[in-house]
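Here, each number is a calculation from the coordinates, and none is a lab measurement. Predicted model only: the values in this text are computed from it and were never measured. Backbone-built Cβ (ideal geometry, glycine too); neighbour counts: all protein chains shown.
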Amino acid sequence: MCNHHQIRTNDLDLRKEEQKVDRRQFLTKTSLGLGAVALGSLLGVDKLFAAGAPSPLSGGGGALNALHHNPKAKRIVYLFQSGGPSQFETYDYKPKLEKMFGEELPSSVRGGQRLTGMSANQSSLPIAPSIYKFDQYGQSRAWVSELMPHTAEIVDDLCFIKSMYTEQINHDPAITFFQTGHQLPGRPSIGAWLSYGLGSDNENLPSFIVLNSKNAGGQPIYARLWGNGFLPTQYQGVQFRSGNDPVLFLNNPENYDGQDRAEMLDYIKQLDEVQKSVYGDPEINARIAQYEMAYRMQTSVPEITDFSDEPDYIFDMYGEDSRDPGTYAANCLMARRLLEKDVKFVQLYHRGWDQHGGLPDGIKNQCKNTDQATAALVKDLKQRGLLEDTLVIWGGEFGRTVYSQGKLTPENYGRDHHPRCFTMWMAGAGVKPGFTYGATDDFSYNITENPVHVHDFHATLMHLMGIDHERLTFKHQGRRYRLTDVHGHVVKDILA
């Protein structure tokens with residue numbers, strides 16, 4: 001009887017709070033009133049009363065009522081190689097450099113480009129050819145380094161972009177630029193924009209999930225790289241960690257069985273809705289959605305992180321490390337499992353590509369740790385019929401210099417940061433397979449054909465998801481923001 005009495009008392013208290021609401025309640029609850037319009041503006045839903053767009057959304061909860069055009073991709077997995085992988089030792093073959101070992105980089109090639117403080121004071125900028133061999137593979141005859149034997153097997157599924165460039169020469173602003181469209185912190189990340197615009201196709205898992213390789217070393221990775229910025233917090237990425245607690249604060253406290261969790265969340269929701277009626281704060285909606293998602297994830301997360309149903313041949317495909325949770329290989333396998341559950345955006349970070357010295361050994365280890373699992377993910381998606389509507393992206397924040405940073409020997413050298421040209425690749429939904437786009441000069445120092453800016457890259461991946469990058473915006477502090485800031489165009493030549 002005491003419990004029933006307490007429930008009736010709680011209900012009475014809620015009704016009393018609702019009766020205290022002033023005229024703001026009328027404005028925020030009236031579907032065609034000024035309050036609804038104001039709330040719509042705060043949420044960035046600038047097409048609240050717009051005519052229908054070409055194709056309906058398949059998911060729910062997004063700001064867009066309809067897609068801007070038919071999408072080629074339903075989901076994205078972004079394999080971000082943090083630190084700046086050297087294009088010389090991976091995909092951008094420059095055979096003429098072999099006869100130029102130790103020669104000074106011509107000033108006509110450098111063209112006065114700024115250098116980092118790590119090599120700007122060098123008395124010499126000696127050319128350092130790669131010590132690793134290249135060969136051509138597949139019907140596409142793509143050049144691939146001997147360090148990437150597994151990737152060499154899938155080149156006919158890949159679309160190489162060898163003419164990427166960025167404006168940022170240091171790690172933090174360069175990584176932030178790639179992940180948020182701006183070099184300064186505070187903007188929403190790619191996954192947050194997609195979650196905000198498209199919603200989710202799986203009500204039991206977040207639409208944006210982050211996997212960070214353990215023990216990778218190198219430059220730090222910050223949570224703001226998958227943050228929501230000024231978007232409501234429900235759109236931020238959710239990090240899955242290795243170990244017994246893959247999502248922080250998701251498990252029940254010790255000695256609590258969770259039997260009354262649903263009832264507790266129901267009352268919290270009622271209290272939040274009273275607050276929302278009073279203040280009209282859209283962040284309250286976000287908090288309600290997060291509580292509800294966390295409740296559903298208590299069942300879905302243990303299931304998705306349990307690899308016991310994976311056969312041995314899958315572990316063999318991804319490599320020995322795939323049995324060790326939190327490694328790059330295990331995260332690639334986890335990414336496939338999440339994509340199977342229609343998680344829209346999976347962001348995988350792997351650090352350690354920043355080789356200012358000792359590059360030959362350093363990049364050899366990086367490739368050994370990532371090459372097999374990267375290729376396995378593409379193969380696995382393809383054999384399951386998922387590659388045709390999943391976009392796979394591989395790349396870092398910038399490239400490396402043709403000249404050696406520090407002492408140059410025939411066996412050892414380092415490379416500094418180089419933002420003016422570097423290589424990325426895409427595979428799967430909507431991009432041309434077995435295709436190479438763009439080119440660099442003989443020194444891989446300047447772009448000679450088809451430059452692709454970071455904003456162009458963002459515009460293209462959003463286009464593949466059915467979004468016009470200029471039309472998905474959010475009004476913040478009087479200005480409408482978008483992922484591509486104020487410029488960017490779709491790279492149509494790489495579209496299938």
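Can you list residues from other chains, or at least 5 along the same chain, whose modelled amide H is less than 5 Å from the amide H of Tyr413?
For Tyr413, the qualifying residues are Gly358, Leu359.
Using Cα atoms only, what is the angle between the long axis of helix 328-340 and the major principal axis of the chain, expressed in degrees (0 to 90) to the nearest 10?
Approximately 50 degrees, to the nearest ten.
Using a simple charge model, +1 on the beta-carbon of Lys and Arg, -1 on the beta-carbon of Asp and Glu, nothing else, what dipole does the chain show about its Cα centre, in debye to the nearest 20? Spell out each step's value before the answer.
Numbers: 50 positive and 59 negative charges, 297 e Å.
Result for the chain is approximately 1420 debye, rounded to the nearest 20.
Quick one: length gained pulling Ile131 to Asn450 fully straight, 0.36 nm per residue minus the C-alpha distance? Walk me through the numbers on the way to the answer.
Numbers: separation 319, 0.36 × 319 = 114.84 nm, distance 2.80 nm.
Once the chain is fully extended between Ile131 and Asn450, it gains 112.0 nm.
Calculate the FRET efficiency for Ala66 and Asp309 from the Cβ-Cβ distance with a Förster distance of 41 Å, rounded to the nearest 0.05. Kindly include the intermediate steps, with their values, before the conclusion.
Details: r = 37 Å, r/R0 = 0.90.
Efficiency for this residue pair is about 0.65.
What FRET efficiency do you get for Asp442 and Asn215 if R0 is 45 Å and r is their Cβ-Cβ distance, rounded to the nearest 0.05?
Given R0 = 45 Å and the Cβ-Cβ separation, E is 0.75.
Send over the semi-axes of segment 253-343's equivalent ellipsoid, whole angstrom and largest first, taken as the square roots of 5 times the C-alpha gyration tensor eigenvalues.
They are 38, 16, 10 Å, listed from largest to smallest.
Taking each pair of different alpha-carbon atoms in segment 387-496 once, compute 1/r for the pair, average those values, and report the inverse of that mean as the Kirkwood hydrodynamic radius in Å to one decimal.
One over the average 1/r among Cα pairs gives 16.2 Å for segment 387-496.
In nm, what is the difference between 0.36 nm times the number of residues separating Ala120 and Thr299 and their Cα-Cα distance? Spell out each step's value before the answer.
Working: separation 179, 0.36 × 179 = 64.44 nm, distance 5.42 nm.
Fully extending the segment from Ala120 to Thr299 adds 59.0 nm.
In whole angstrom, how long is each semi-axis of the equivalent ellipsoid of segment 116-263, when you take the square root of 5 times every eigenvalue of its Cα gyration tensor and sort them from largest down? List each step's numbers first, then the result.
On the way: eigenvalues 300, 100, 65 Å².
Over the Cα atoms of segment 116-263, the semi-axes work out to 39, 22, 18 Å.
Compute the whole-percent fraction of alpha carbon pairs in segment 139-205 spaced more than 13 Å apart. Let's see the in-between values first.
Details: 1659 of 2211 pairs.
Taking all Cα-Cα pairs of segment 139-205, the fraction more than 13 Å apart is 75 percent.
Per-residue ellipticity at 222 nm for the chain, helices alone: DSSP H runs ≥ 4 residues times -39500 (n - 2.57), over residue total, nearest 500 deg cm²/dmol?
Details: 13 runs with 160 residues, N = 496.
Value at 222 nm, helices only: -10000 deg cm²/dmol.
Counting other C-beta atoms within 10 Å, which of Thr90, Thr305 has the fewest, and how do the rest follow? Show your work: numbers first, answer last.
Details: Thr90 29, Thr305 18.
Going from sparsest to densest Cβ surroundings: Thr305, Thr90.
For the chain, take the longest principal axis of its alpha carbons; what is the angle in degrees between that and the long axis of helix 261-279, to the nearest 10 within 0 to 90?
90
Are any of the pairs Lys341/Lys364; Lys276/Lys341; Lys364/Lys492; Lys214/Lys341; Lys364/Lys432 more than 27 Å apart by Cα-Cα distance, and if so, which?
On the way: Lys341/Lys364 34 Å; Lys276/Lys341 32 Å; Lys364/Lys492 34 Å; Lys214/Lys341 24 Å; Lys364/Lys432 29 Å.
Table pairs above 27 Å Cα-Cα are Lys341/Lys364; Lys276/Lys341; Lys364/Lys492; Lys364/Lys432.
Which of His69, Met118, Gln87 sits farthest toward the positive end of the charge dipole of segment 59-176, with +1 on the Cβ of Lys and Arg and -1 on the Cβ of Asp and Glu?
Positive-end residue among those listed: His69.
Tell me, in nm to one decimal, what length is gained between Asp272 and Glu254 on full extension, where the rule is 0.36 nm per residue of separation less the Cα-Cα distance?
On the way: separation 18, 0.36 × 18 = 6.48 nm, distance 2.66 nm.
Fully extending the segment from Asp272 to Glu254 adds 3.8 nm.
I want the antiparallel fraction of DSSP beta bridges within the chain, as a percent rounded to 5.
Working: 27 of 52 bridges.
Here the share of antiparallel DSSP bridges comes out near 50 percent.
Enter the angle in degrees (range 0 to 90, nearest 10) between the Cα long axis of helix 34-43 and the first principal axis of the Cα atoms of the chain, meaning the one along which they spread out most.
The angle comes out at about 30 degrees.
Given contacts defined as C-alpha pairs under 8 Å and at least six residues apart, what's the relative contact order of the chain, whole-number percent? Intermediate results must be reported in sequence, preceding the final value.
Numbers: 997 pairs, mean separation 131.9, N = 496.
Rounded, it is 27 percent for the chain.
For the residues Tyr256, Tyr318, Tyr78, what sequence is obtained by ranking on other C-beta atoms within 10 Å, fewest first? Could you put the intermediate results ahead of the total?
On the way: Tyr256 10, Tyr318 26, Tyr78 22.
Taking fewest neighbouring Cβ atoms as first place, the list is Tyr256, Tyr78, Tyr318.
Reported to two decimal places, what Rg/Rh ratio describes segment 162-242 when computed on Cα atoms with Rh from the Kirkwood expression? Let's see the in-between values first.
On the way: Rg = 13.6 Å, Rh = 13.6 Å.
My calculation of the ratio gives 1.00.
Magnitude of the Cβ-charge dipole of segment 260-384, K/R +1 and D/E -1, about the Cα centre, nearest 20 debye? Walk me through the numbers on the way to the answer.
Values: 16 positive and 23 negative charges, 92 e Å.
Magnitude of the dipole: close to 440 debye.
For segment 206-255, what's the relative contact order in percent, using C-alpha pairs closer than 8 Å and at least 6 residues apart? Intermediate results must be reported in sequence, preceding the final value.
Values: 37 pairs, mean separation 19.5, N = 50.
Value for segment 206-255: 39 percent.
Using only alpha carbon pairs under 8 Å that are at least six residues apart, calculate the relative contact order of segment 118-165 and give it in whole percent.
Working: 33 pairs, mean separation 11.9, N = 48.
Averaging sequence separation for qualifying contacts and normalising by length gives 25 percent for segment 118-165.
Could you check the simple spin-label distance between Ala223 and Gln139, using points 7 Å along Cα→Cβ, in nm with one decimal?
The two pseudo-label positions are separated by 4.8 nm.
Check Ile76: other-chain or 5+ apart residues with amide H under 5 Å from its amide H, H built from backbone geometry?
Those qualifying (amide H under 5 Å, at least 5 residues apart or on another chain) are Phe345, Val346, Leu391.
How big is segment 178-225 on each of its three principal axes, counting only the C-alpha atoms and giving the largest first in Å?
Largest first, segment 178-225 extends 35, 26, 13 Å along its Cα principal axes.
Highest mean first, how do 264-271, 69-76, 153-160, 489-496 rank when packing is the count of other Cβ atoms within 10 Å averaged over residues?
Details: 264-271: 13.8, 69-76: 19.2, 153-160: 22.0, 489-496: 15.2.
Ranked from most to least packed, the peptides come out as 153-160, 69-76, 489-496, 264-271.
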